[in-house]
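Structure, as structure tokens:
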Amino acid sequence: MQGKHLYEYAILRIVPRVEREEFVNVGVLICCKREGFLSCRLTADLSKVQALDKDADIQTFDQYLKSIEKICQGEESDSPIARHDAPSRFRWLTANRSSMIQTSRPHIGFADELQCALDELYELFVA
């Protein structure tokens with residue numbers, strides 16, 4: 001196991017109508033505290049969301065996903081969250097909330113290459 005990175009990941013979901021409790025997986029977040037690594041991979045195709053709710057505001061969801069991407073990158077912005085370290089940003093993104101953008105509970109894994117792990121998780125849960 002030497003050389004492997006312990007990481008946490010969560011699946012990002014859109015819940016277009018919270019009262020129906022239906023969701024679409026739209027991305028994966030991955031964080032490795034030891035490496036200070038936080039990244040995400042998000043889908044650009046939100047057509048499945050419209051299959052659940054034809055009146056879903058896709059532009060708003062797209063903007064939310066772009067905000068999440070900026071927070072993962074630690075990009076300087078008006079958001080004070082983006083200024084925190086990678087594990088703190090991951091905790092903030094995966095905090096339980098009752099909203100239309102949700103995450104699964106965090107899970108753990110080991111990988112030699114974190115970006116490859118992110119890509120594999122994306123293919124498994126989103127693609």
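Of note:
- Taking 43, 94, 60 as the candidate residues, the one with maximal mean-square fluctuation in a Gaussian network model of the chain, Cα springs under 10 Å, is 60.
- Distance (nanometres) between label positions extended 7 Å along Cα→Cβ at residue 108 and residue 81: 2.5
- Exposed GluC sites (Glu not before Pro) absent: longest stretch of the chain, with sites in DSSP loops and at most 13 other Cβ within 10 Å deemed exposed: 36-74
- Counting lysine pairs in the chain whose alpha carbons fall under 26 angstrom apart, excluding pairs fewer than 8 residues apart on the same chain, gives 6.
- Net +/- balance of residues flanking residue 88 in space, Cβ distance below 13 Å, scoring K and R +1, D and E -1: +2
- Gaussian network model of the chain, springs between alpha carbon atoms under 10 Å - residue of 91, 20, 41 with greatest fluctuation: 20
- Of 59, 102, 73, the one that fluctuates the most in a GNM where the chain has Cα springs shorter than 10 Å: 59
- Other residues with beta-carbon under 14 Å from the beta-carbon of residue 125 carry, at +1 per Lys or Arg and -1 per Asp or Glu, a net charge of +1.
- Available extension along the chain between residue 62 and residue 116 is 17.0 nm, counting 0.36 nm per residue and deducting the alpha carbon span.
- With contacts taken as Cα pairs under 8 Å and at least 6 residues apart, the range 27-78 reaches a relative contact order of 30 percent.
- The Cβ shell under 14 Å around residue 28 holds other residues with a net charge of -2, Lys and Arg each +1, Asp and Glu each -1.
- In whole angstrom, the chain maps to an equivalent ellipsoid with semi-axes of 25, 17, 12, each derived as √(5λ) from the alpha carbon gyration tensor and ordered largest first.
- Relative contact order %, the chain, counting alpha carbon pairs below 8 Å whose residues are six or more apart: 36
- Where labels lie 7 Å past Cα in the beta-carbon direction, separation of residue 73 and residue 98 in nm: 3.4
The numbers here are math on the coordinates, done by the rules we state, and not lab data. All of these numbers come straight from a predicted model, not from anything done at the bench. Glycine also receives a Cβ, built like all others from the backbone with ideal geometry; neighbour counts cover every protein chain displayed.
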